[in-house]
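What follows is one structure encoded as structure tokens, with my remarks underneath.
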Amino acid sequence: MEQNNSRGLGGKLALWAFYTFCGYFVWAMLRYLWVVSKIPSAPDMVVEGDLGSTSGKWLGAFLGFLVLGSVGGILGAIAWYTRPRDNNE
């Protein structure tokens, strides 16, 4: 007889936290791109890494992506670790 495995309460909480964070991640990246696209690039930028320059905008987007991606990776690992497993007895 085959038994369906299900997640425990902690596993369900971890999975929903991961799903919620994925939604937040997409919203935050779209919002960031929308807000940053409204900032005009200053034509007389001396430092290329300044946040007003085009490369500074992309650098800020990349760093934000790395931070949110690492948090998402941790939450995904917790959700994966709490998944239901097969019990071969």
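Can Ser41 be described as over 13 Å from the mean Cα position of the chain (by Cα), surrounded by 14 or more Cβ atoms within 10 Å (Cβ to Cβ), at pLDDT below 75 and of a type in the set (S, T, N, Q)? Criteria not met by Ser41. The set of residues in segment 12-36 that are modelled with pLDDT of 90 or more and in contact with a Lys or Arg (Cβ under 7 Å, 6 or more places away or on another chain) contains only Leu15.
The values are calculated or read from the model by the stated rules, or taken from the named source; none is laboratory data. As the structure is a prediction and not an experimental result, all values here were calculated from the model. All Cβ positions, even for glycine, are placed from backbone atoms using ideal geometry, and neighbour counts span all protein chains on display.
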